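Report on the structure given below.
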């Protein structure tokens, strides 16, 4: 096309296509309110999930902290329980010792039986045996002394009433009340259903 031709010919104007889609229609007030409510609900749900997760993490942290405090309190209580149990055992030994001691004083045959059991434990091997008793018990047990002819009886002020010690060749039997009761307490502790 030449420059002169363009001037001579009229330019055609083309009508725009009218079948093009119309511009979007603005949403109505109800639609805007529905969109706003959906956005608010979605934000609420997202915040709820985040808050719940943060709350769970905080609860786990607090539970671990409380468990640590409870454990710190429980350890000394366990030791205290052991101490109380030992003290109660000692008290039981003392009470039983006092009761048995009174029974031995009231019935010397009980002490004679204890001495016979201790002497039998040493055995009859022709060995020299020394029986140590409290001086008062030596007098009280005078009727039984001939039965223990192989034993040399020694009055020992360091031996308490109702106690006895037997010394033989390589054998020592501690028949003191405290030793017997502690052995009984230990046997109960091992054979019982302790914690």
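The values are calculated or read from the model by the stated rules, or taken from the named source; none is laboratory data. As the structure is a computational prediction, the values presented were derived from the model and not from experiment. Every residue, glycine among them, receives a Cβ derived from its backbone with ideal geometry; neighbour counts consider all protein chains shown.
Kindly evaluate residue 137 against the criterion of being crowded, with 19+ Cβ neighbours inside 10 Å, closer than 19 Å to residue 98 by Cα and at pLDDT 85 or above.
Yes; evaluated as a whole, the condition is true for this residue.
Name the residue, out of 92, 112, 98, 118, that is surrounded by 11 or more Cβ atoms within 10 Å (Cβ to Cβ), closer than 30 Å to residue 143 by Cα and not assigned by TED's automatic domain parsing to the domain that holds residue 168.
98
Restricting attention to the stretch 142-176, and to residues there that are free of Cβ contacts under 8 Å to residues at least 12 places away in the same chain and part of a strand (DSSP E or B), which single residue is surrounded by the most Cβ atoms within 10 Å (Cβ to Cβ)? Top of the filtered list is 174. Number of residues in the stretch 142-170 that are under 16 Å from residue 116 (Cβ atoms) and touching a helix residue (DSSP H, G or I) at 6+ places or on another chain (Cβ under 7 Å): the value is 9. Please go through the stretch 125-141 and pick out each residue that is closer than 16 Å to residue 113 by Cβ and not in a strand (DSSP E or B). Answer for the stretch 125-141, where residues must be closer than 16 Å to residue 113 by Cβ and not in a strand (DSSP E or B): 137, 140, 141.
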